[in-house]
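Structure first, commentary second.
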Amino acid sequence: MKKYILKRVAMSLATLLLITFVLFVLVRIMPGNPFPSERMSAEQIANKRAELGLDDPVLVQFSRYMANLAHGDFGKGTSLYYGAPIKTVLGQCISNSFRIGGLAIFIGTAVGLILGITAALNKGTFLDAFCTVFSILGVCVPGYVFLIFLQYFFSYKIPFFPYFFDSSRFLFSSVMPALSLSLFTMSTVARFTRNEMVEVMDSDYVHLAESKGMYGNMLVTRHILRNALIPIVTVLAPLIVDLLTGALVVEKIYGINGIGKLMVDSIAGEGVDYNYVLALGILYSALYIGIMLIVDILYGLLDPRIRVASSEGGDA
Amino acid sequence: MEMNENTILKFEDLDISFRTNAGVVHAIRGVNIELRRGETVAIVGESGSGKSVTVKAAVGLLDGNATVNRGKILYRYKNDDGTEKVVDLLAMSKRELRTTINGSRIAMVFQDPMTSLDPTMTIGKQIMEGILLHKRGDKAFAHARALELLELVGITDAEKRMKNYPHQLSGGMRQRVVIAIALACDPDILICDEPTTALDVTIQARILELIKDVQDRLGLSVIYITHDLGVVAKVADYVNVMYAGKIIEVGTVNEVFYEPKHPYTWGLLAAMPDLETDDDRLASIPGSPPNLLHEPVGDAFAARNAFALKIDEKAEPPLFKVSDTHYAATWLLHPDAPKVEMPKELQTRLERAKKEAEKYQ
Ligand SMILES: Nc1ncnc2c1ncn2[C@@H]1O[C@H](COP(=O)(O)OP(=O)(O)OP(=O)(O)O)[C@@H](O)[C@H]1O
Ligand SMILES: [Mg+2]
């Protein structure tokens, strides 16, 4: 297991390095300029390019970038936030997005699991049908539509929750966006859990456990849940990344200074801010790779078929 | 509840249907089976004839869309205080069944050992689980008992195997583990649903021997499901031949093997592979079993029966008595029916088999 984890970590780091390089090159050959070029003279542009070292060969630029990155320095914005260090700006955005995203993941997973388990245990009844309808709705209705709906009822009609994000009342003003963001995860987890459980409940090994005399909660916790949850870990991983990296529209609508909003700003501003695009790209990739790594390790812990790799059975 | 002294399990007029999207499937149509203490009763028949559904009804494992229309499954057992009791398993709640019957009194071995063990639990835990569940002792006792069981079913290295997960064992080993699980709480009855079908031929024979061996040693009563008549001859005392949800012939092994009366049984016997003849005339039964979405009119086997009579299309034959232990549901046994003998090829073959068997008596 230790060797397996080490191998996976090394592979993850290599992947991340490769992705960073590809991103770095791509950003540079992208059309557009890294600064508000329409308001600048040709001379100003040339000066700025020289200042940023953009005229050096790509490999030279890349090694410089990596050297800085090694010290945790993402450089400065080329057009955004008047050239403030990216680390500071990004830190603030990450904090907002992660906290709201984390809340959304928690709500989505917990409620989704409860819904899915309830539906599976009551297969074919009203509860099951309700869960199915809810899942379809939750997957179809975008989170921001739900957010607007919440805003209308709980900020406008009944002024209980704030209309916009307010970092001084963090938890309170996170409720509505987190709830909206969790909807998709909730539905996906609910539907998946239900289907997995139903399948496991009809498996031979559950029948064998029943023929031993297992029933009720004991049967569910010892034999059904564990087997049903293994594949759920896989669906959950990309959903978590999505939520952590913020949702563009929800952040925009609710006025949250998060990663999603930053991403939009860095591309759709007056100039394409090379360093922000790059920093965010690396962040997304790192998160994704990191979570996949955790999933793989978790998988190994949950599923003995992966943990105990070599089979050593004899004959009958 | 009426039941012979020696009878331990009795299916009485069992009738089950399934609700499906296509309509109601009448899978079991009035089944009677009797199992006596210490004996082995085989149920044979083609795929889909209702063998599994019949026994699943006895252990509370029927699918959610099943309805029991009629019938009883009577079970006689000794209470802890030594008094005998007869219960109807179908009248018991799931919970009652699981706590007092499943595993502790009636245990089951399933067809596919590759899928019948929980992949996320060590086999040791899976064996100990039932022992702890039925409160036969503490953890240390369960552990010792599990080791003893693994040795009983012929697994060497038991201590090490306890910590293995199912995927680390071969198919034959896994079926041994399943048998160990079934025996964990000293049940009275062992139900084996095609326990060797999924295994290699050589391993089949060894698992079969194991089941016979533990039956003798522990005095179990066994219901053995198979579609392999060759297996039946080796294990069973009585044979029930099932077709389209009904028992169409029942008798002792010798009666069903050497003097079969039902054309369907003839067909099954004729389809048995035979080492000594490569006779192509002995082939499988033509056609396929009826779809029980539609209630069959007359004899369900008529359409595939080369010996069908006019009456087969109108009325379902009752079980005609051949001897005290031998019955068959075919109009050919009616006193007014024309005299029809089993095919010549089959007859010679059965006679040869009989002589062969007598040599070894
Ligand atoms: N849950 C269910 N819903 C609908 N029909 C079912 C269900 N379970 C069983 N059946 C039907 O009942 C009939 C008997 O099935 P059963 O599994 O008992 O056959 P079997 O004799 O055990 O066959 P095999 O040798 O293939 O195991 C089949 O026609 C099957 O289609
Ligand atoms: Mg079956």
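The values are calculated or read from the model by the stated rules, or taken from the named source; none is laboratory data. Since we're looking at a predicted model, the values are computed, not measured. Note: ideal-geometry Cβ built from the backbone for every residue, glycine included; neighbour counts use all protein chains shown. Just so you know, the surface numbers come from the protein's heavy atoms only, side chains and all, with ligands and any DNA or RNA stripped out. Shrake-Rupley method; radii C 1.70, N 1.55, O 1.52, S 1.80 Å.
For every helix of n ≥ 4 consecutive DSSP H residues, a contribution of -39,500 (n - 2.57) applies; sum these over chain B, divide by its total residues, and give [θ] at 222 nm rounded to the nearest 500 deg cm²/dmol.
-9000 deg cm²/dmol
Need one number: nm distance between label points at residue A:139 and residue A:170, each 7 Å from Cα along Cα→Cβ, rounded to one decimal.
In this crude spin-label approximation the distance works out to 3.5 nm.
Using only the Cα atoms of chain B, build the gyration tensor, take square roots of its eigenvalues as a ≥ b ≥ c, and label the shape rounded, prolate or oblate: rounded if a/c is under 1.5, else prolate if a/b is larger than b/c, else oblate.
Verdict is prolate for chain B.
Considering Cα pairs under 8 angstrom that are at least six residues apart, work out the relative contact order of chain B and quote it in whole percent. Before the final figure, lay out each step's value.
Values: 636 pairs, mean separation 66.3, N = 361.
The value is 18 percent.
Using 0.36 nm per residue, how much length does the chain from residue B:19 to residue B:354 gain when fully extended, once their Cα-Cα distance is taken away?
116.1 nm
Among B:234/B:261; B:261/B:310; A:123/B:56; A:123/B:135, which pairs are too far apart, with a Cα-Cα distance over 29 Å?
A:123/B:135
Does chain A come out rounded, prolate or oblate by the C-alpha gyration tensor, with a ≥ b ≥ c the root eigenvalues, rounded set by a/c under 1.5 and, if not, prolate when a/b is larger than b/c and oblate if not?
oblate
Could you pull out which residues in segment B:303-332 have an amide N less than 14 Å from a spot 7 Å beyond the Cα of residue B:295, following the Cα-Cβ vector?
In segment B:303-332, the label zone of residue B:295 (backbone N under 14 Å from the point 7 Å along Cα→Cβ) covers B:315-316.
With r defined as the distance between the Cβ atoms of residue B:334 and residue B:85 and R0 fixed at 45 Å, what FRET efficiency is calculated, to the nearest 0.05?
Calculated value: 0.65.
So with the 1.4 Å probe, I'd like the accessible area per residue for segment B:6-85, rounded to whole Å².
Per-residue accessible area for segment B:6-85 comes out at 41 Å².
Can you find, among B:71, B:31, B:52, the residue sitting farthest towards the positive end of the charge dipole of segment B:7-236, where Lys and Arg contribute +1 and Asp and Glu -1 at Cβ?
The listed residue farthest towards the positive side: B:71.
Read phi for every residue in segment B:327-340 and hand back ³J(HN,Hα) as whole Hz from Karplus 6.51 cos²θ - 1.76 cosθ + 1.60, θ = phi - 60°, with x for Gly and Pro.
9, 8, 9, 9, 5, 4, 8, 5, x, 8, 6, x, 6, 10
To the nearest 10 degrees, how steep is helix A:42-52 against the longest Cα principal axis of chain A, on a 0 to 90 scale?
50
Longest span of chain A, sites excluded, free of GluC sites (Glu not before Pro) in DSSP loop with at most 14 other C-beta atoms within 10 Å? All intermediate terms of the calculation are to be shown ahead of the outcome.
On the way: sites that count: A:270, A:312.
The longest uninterrupted stretch comes out as A:1-269.
If you build a Gaussian network model of chain A, linking Cα atoms that sit under 10 Å apart, which residue out of A:238, A:85, A:304 swings the most?
In this elastic network of chain A, the residue with the biggest mean-square fluctuation among A:238, A:85, A:304 is A:304.
Greater than 23 Å separation of Cα atoms is the criterion. Which listed pairs, A:212/B:212; B:10/B:339; A:7/A:87; B:10/B:85, meet it?
B:10/B:339; A:7/A:87
I'd like the Karplus ³J(HN,Hα) series for segment B:116-124: coefficients 6.51, -1.76, 1.60, θ = phi - 60°, whole numbers in Hz, and an x wherever there's a Gly or Pro.
9, 10, 5, x, 9, 10, 5, 5, x
What does the charge dipole of segment A:96-259 about its Cα centre add up to, to the nearest 20 debye, if the Cβ of each Lys and Arg holds +1 and the Cβ of each Asp and Glu holds -1?
320
Given springs between every Cα pair under 10 Å in a Gaussian network model of chain B, which of B:347, B:168, B:204 has the largest fluctuation?
Of the options given, B:168 has the highest mean-square fluctuation.
Can you compute 3J(HN,Hα) from phi for each residue in segment A:18-23, using the Karplus curve 6.51 cos²θ - 1.76 cosθ + 1.60 with θ = phi - 60°, rounded to whole Hz and x for Gly and Pro?
Going residue by residue, I get 4, 4, 4, 5, 4, 4 Hz, with x marking Gly and Pro.
Accessible area lost on pairing A with B, both sides, 1.4 Å probe, Å² to nearest 100?
Chains A and B together bury roughly 3000 Å² of accessible area.
Taking 8 Å as the Cα distance limit and 6 or more residues as the minimum spacing, I'd like the relative contact order of segment B:242-359 as a percentage.
So the answer I get is 30 percent.
If I take R0 = 45 Å and measure r between the Cβ atoms of residue B:100 and residue B:160 in this structure, what FRET efficiency does the formula 1/(1 + (r/R0)^6) give, to the nearest 0.05?
Taking R0 as 45 Å, the efficiency between residue B:100 and residue B:160 is 0.85.
Among the DSSP beta bridges whose two residues both lie in chain B, what percent are antiparallel, rounded to the nearest 5?
Just about 65 percent of them are antiparallel.
With a 1.4 Å probe and every protein chain kept in, tell me what percent of the accessible surface of segment A:96-259 is carbon plus sulfur. Before the final figure, lay out the partial values.
Details: 5220 of 7300 Å².
C and S fraction of accessible area: 71 percent.
Find, among the trypsin sites (Lys or Arg not before Pro) in segment B:119-171, those assigned to loop by DSSP (not H, G, I, E, B) with at most 12 other beta-carbon atoms within 10 angstrom.
B:135, B:163
Name the residues whose placed amide hydrogens come within less than 5 Å of the amide hydrogen of residue A:247, ignoring near sequence neighbours (fewer than 5 apart) on the same chain.
Residues meeting the amide H criterion: A:260.
If you count, for every residue in B:161-174, the Cβ atoms of partner chains within 10 Å of its Cβ, what is the mean?
Details: counts 2, 0, 1, 5, 6, 4, 7, 7, 6, 5, 3, 4, 4, 2.
Per-residue shielding by partner chains comes out at 4.
Take the alpha carbon gyration tensor of the protein assembly as shown, find the square roots of its eigenvalues, order them as a ≥ b ≥ c, and report rounded if a/c is under 1.5; if not, report prolate when a/b exceeds b/c, else oblate. Before the final figure, lay out each step's value.
Numbers: a/c = 2.69, a/b = 2.50, b/c = 1.08.
Prolate, since a/c reaches 1.5 and a/b exceeds b/c.
Could you tell me the distance between the Cα centroids of segment A:243-258 and segment A:125-181, to the nearest Å?
14
As a test of reading the structure, rank A:1, B:162 by solvent-accessible area (1.4 Å probe, protein chains only), most first.
The ordering from most to least exposed comes out as A:1, B:162.
Give the long-range amide H neighbours of residue B:248: residues separated by 5 or more places, or on another chain, with amide H under 5 Å away, using H modelled in the peptide plane at 1.01 Å from N.
Close amide H contacts, sequence-distant or interchain: B:241, B:242, B:243.
Out of residues 5 or more away from residue B:36 or on other chains, whose amide H comes under 5 Å of its own, with H placed 1.01 Å from N in the peptide plane?
Here the answer is B:8, since their amide H atoms fall under 5 Å of that of residue B:36.
Please work out how much accessible surface residue B:29 shows to a 1.4 Å probe, ignoring ligands, DNA and RNA, in Å² rounded to 10.
20
Per residue, how much accessible area does chain A show when a 1.4 Å probe rolls over the protein heavy atoms, in square angstrom?
50
222 nm [θ] for chain A, helices only, -39500 (n - 2.57) per DSSP H run of 4+, per residue, to 500?
Rounded to the nearest 500, it is -24000 deg cm²/dmol.
Set the Förster radius R0 to 56 Å, insert the Cβ-Cβ distance between residue A:87 and residue B:115 as r into 1/(1 + (r/R0)^6), and round the FRET efficiency to 0.05.
Efficiency for this residue pair is about 0.55.
Over chain A, what is the mean sequence separation of C-alpha contacts under 8 Å (at least six apart), divided by residue count, expressed as relative contact order in percent?
28
GNM, chain A, Cα, under 10 Å: largest mean-square fluctuation among A:193, A:185, A:15?
Greatest mean-square fluctuation among the candidates belongs to A:15.
Provide the percentage of antiparallel DSSP beta bridges, counting only those with both residues in the protein assembly as shown; round to the nearest 5.
Details: 34 of 53 bridges.
The answer is about 65 percent antiparallel.
Return the aspartates and glutamates within reach of residue B:160: Cα separation strictly under 16 angstrom, same-chain partners fewer than 8 residues apart disregarded; answer none if there are no such residues.
Once the sequence-local aspartates and glutamates are set aside, what remains near residue B:160 is A:312, A:315, B:148, B:151.
How far is it, in nm, from the label point at residue A:56 to the one at residue B:135 when both lie 7 Å from their Cα along the line to the Cβ?
It is 7.8 nm.
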